[in-house]
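A short write-up of the structure that comes next.
Nothing in this text is a laboratory measurement; each read-out follows from the coordinates by a stated rule. What you see is a predicted model; the values in this text were computed from it and never measured. Note that we place each Cβ from the backbone using ideal geometry, even for glycine, and neighbour counts take in every protein chain shown.
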Amino acid sequence: MIANANHEGFVPRLEKIWLAIGGAMLVIFIMILLISAISMGAAPPSSMDMVDPQSVLVKGEFATPALVKTGPLTYTAHMAAYTFGFSPSTMTVPVGAKVTFRIATHDVVHGFEIPGTDVNVMVIPGYVSEVSHTFTKAGTYLALCNEFCGIGHQYMFMTITVK
Ligand code: CUA
């Protein structure tokens, strides 16, 4: 065999080095993932809490969706997503407010995205989606459903006024 002619064995030496580097990178990436997930608590931004989709909008925190002030500049928005809208459909917070959105739905998969921010979650029946954002700039923010959910999907939005 040609490879054996150079007394390098079946896998040439350079290939072995690159295989070792590739393997080491894989191990490092997996270690980073494990460390961030286990000791730093990194997790997906949604689908951590389970709820009963049949009753989620009838009783509990989503039965009366509202923006609740939890501190000097912190808020929790308990939101219902449904075909085709969000409740509440408007909210106003001061500049610098950190809003934690908790969103649930009782029908089909929706999305909750605020373009220009890092807020973008799926809203899945049976789960509570949770995402936080600090609004540092004044203005009117549009929040949209970005998962096709039916004939009125394009009308599914709400607005957040920051002033
Ligand atoms: Cu809800 Cu598209």
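Before moving on, here are some points about what is shown:
- Cβ-placed point charges (K, R +1; D, E -1), dipole of segment 4-163 about Cα centre in debye, nearest 20: 460 debye
- Candidates Lys69, Lys16, Lys98, ranked by Gaussian network fluctuation over the chain, Cα under 10 Å, top entry: Lys16
- Remark on segment 31-103: Rg and Dmax equal 15.4, 43 Å (Cα only).
- FRET efficiency, Phe10 to Met31 (Cβ-Cβ, R0 22 Å, nearest 0.05): 0.15
- Near-label residues of segment 62-103 by backbone N, under 12 Å of a point 7 Å along Cα→Cβ of Thr161: 90-94
- Convex hull volume of the chain per residue (C-alpha atoms, cubic angstrom): 197 Å³
- Listed by Cβ neighbour count within 10 Å, with the fewest neighbours leading, Ser87, Ser39, Ser55, Ser129 appear as Ser39, Ser55, Ser87, Ser129.
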